[in-house]
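Right, one structure below, let's go through it.
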Amino acid sequence: VVCAHASPAGHCPPGLDSFSHATADVAERVLTSRAWRVARRDLNAERFDPVQPTGEAQNTTSRDDLVERHCAELAAADLIGVFHPNCWGQPPAILKGWIERVFRLDTAYSYAQGVGFESVPVGLLKARRALVFNTSDTTAACEAEVFGDPLDTLWRRYVFGLCGVSDVSRRCYGPVAGSAAEQRHAWLLEVEAIVNAAALTPR
Ligand SMILES: Cc1cc2nc3c(=O)[nH]c(=O)nc-3n(C[C@H](O)[C@H](O)[C@H](O)COP(=O)(O)O)c2cc1C
C-alpha cells in the first residue's frame, strides 16, 4: 500500500494535529494489523519537493532520488491511499506536485503504440483500488452542490481513472473546524470500517 498525506503549507506545524493526519493514522493501523506492508509518506515531514525542475520536461525519470523511490512504490502498490484537506477545491500544493512528479508518463500511464499525446492514455498502475480521504470546512453536500466537488473529479476521473485504478472509494469529512470530539470519533470509525473492508478484499 502506498499512503500519501499532506497538509496545507502554513499549518503550524504542518499536519501534526490535523484530522487528515488522524485518518492516515487509522488507515496505517488497520492495514498493518491485517498484515499489509505500508509505505507511508508524510510529504510535509519528508519535505517532498513538489516543483518539477527545468530539464525534467519529459517527466519519465528524475534526478531526485525521493521522486524515484515514490514512483517505485506507486508502481508496486496493490492499494493506494491519499489523505488531505481541501485547499481551494484542490489538494495542498505539496500533494499537487506529488501527483505531477510521481504519477508520471511510463510509470502511471502511457500511450498505445503509434498514438499521440492527444489521445486518452492507457493506465499502467498495478493497483486496482484507491482510497481517498479528504477534510474540509464545507459539508460534503455543499461541496457537491455549490462547487461541483472538483476533488472527486480530480481523483476518480483524472488521476486514478487515467492511470488504470478503477475502484476508487472517497469520503470527505467536514466541516472539520469546530467539529465535536464525538463527531471526529464517528468519522474515524467510518475510516476504520472502509479501510478494513478494503484490507479484506483480495488483492
Ligand atoms: C489555503 C487553504 C485553502 C483552503 N480551501 C478550502 C476550500 O476550498 N474548501 C474548504 O472546505 N476548506 C478549505 N480550507 C480549509 C481546510 O480544508 C481545513 O482547514 C482542513 O480540511 C481541516 O482539516 P485538517 O485538520 O485535516 O487540516 C482551506 C484551508 C487552507 C489553509
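The values are calculated or read from the model by the stated rules, or taken from the named source; none is laboratory data. All values reported here derive from a predicted model rather than from experimental measurement. Please note: Cβ atoms are built from the backbone with ideal geometry, for glycine as well, and neighbour counts cover all protein chains shown. Calculation scope for accessible area: heavy atoms of the full protein, side chains included, ligands and nucleic acids excluded. Shrake-Rupley method; radii C 1.70, N 1.55, O 1.52, S 1.80 Å.
Here are some notes:
- Output for the range 128-179, where each listed residue is surrounded by fewer than 16 Cβ atoms within 10 Å (Cβ to Cβ), under 20 Å from GLY81 (Cβ atoms) and among the polar types (S, T, N, Q): THR153, SER166, SER169
- Some residue of the range 41-49 being at pLDDT 90 or above, in a strand (DSSP E or B), within 14 Å of the ligand (Cβ to nearest atom) and under 29 Å from TYR109 (Cα atoms): yes
- Conditions (1) under 30 Å from LEU200 (Cβ atoms); (2) open to solvent by less than 20 Å² (accessible area, probe 1.4 Å); (3) not in a loop (DSSP other than H, G, I, E, B): number failed by LEU125: (3)
- Of residues in the range 77-107 being within 16 Å of the ligand (Cβ to nearest atom) and among the aliphatic types (A, V, I, L, M), the one farthest from ALA141 (Cα to Cα): ILE94
- Look at the range 96-109: where a residue is under 9 Å from GLN52 (Cα atoms) and open to solvent by less than 50 Å² (accessible area, probe 1.4 Å) and a partner is β-branched (Val, Ile, Thr) and in a helix (DSSP H, G or I), sitting 6+ places away or on another chain with Cβ atoms under 7 Å, you get ARG101/VAL67.
- Scope the range 71-90; condition in contact with a helix residue (DSSP H, G or I) (Cβ under 9 Å, 6 or more places away or on another chain) and open to solvent by less than 10 Å² (accessible area, probe 1.4 Å); matching residues: CYS71, LEU74, LEU79, ILE80, GLY81, VAL82, PHE83, HIS84
- Residues in the range 94-122 that are assigned to a loop (DSSP other than H, G, I, E, B) and of a type outside the set (S, T, N, Q): 13 in all.
- Sub-9 Å Cβ pairs linking a first residue in the range 18-44 that is closer than 11 Å to LEU188 by Cβ and open to solvent by 30 Å² or more (accessible area, probe 1.4 Å) to a second residue that is away from the ligand (no atom under 16 Å from the Cβ) and not charged (D, E, K, R), at least 6 apart or interchain, are ARG29/VAL195, ordered by first then second residue.
- Filtering the range 139-172 to residues that are assigned to a helix (DSSP H, G or I) and either of a type in the set (Phe, Trp, Tyr) or in contact (Cβ under 8 Å) with a residue 40 or more places away in the chain (or both) leaves GLU143, PHE147, PRO150, LEU151, LEU154, TRP155, TYR158, VAL159, PHE160, LEU162, CYS163.
- Failed condition for CYS71, given (1) away from the ligand (no atom under 16 Å from the Cβ); (2) at pLDDT below 95: (2)
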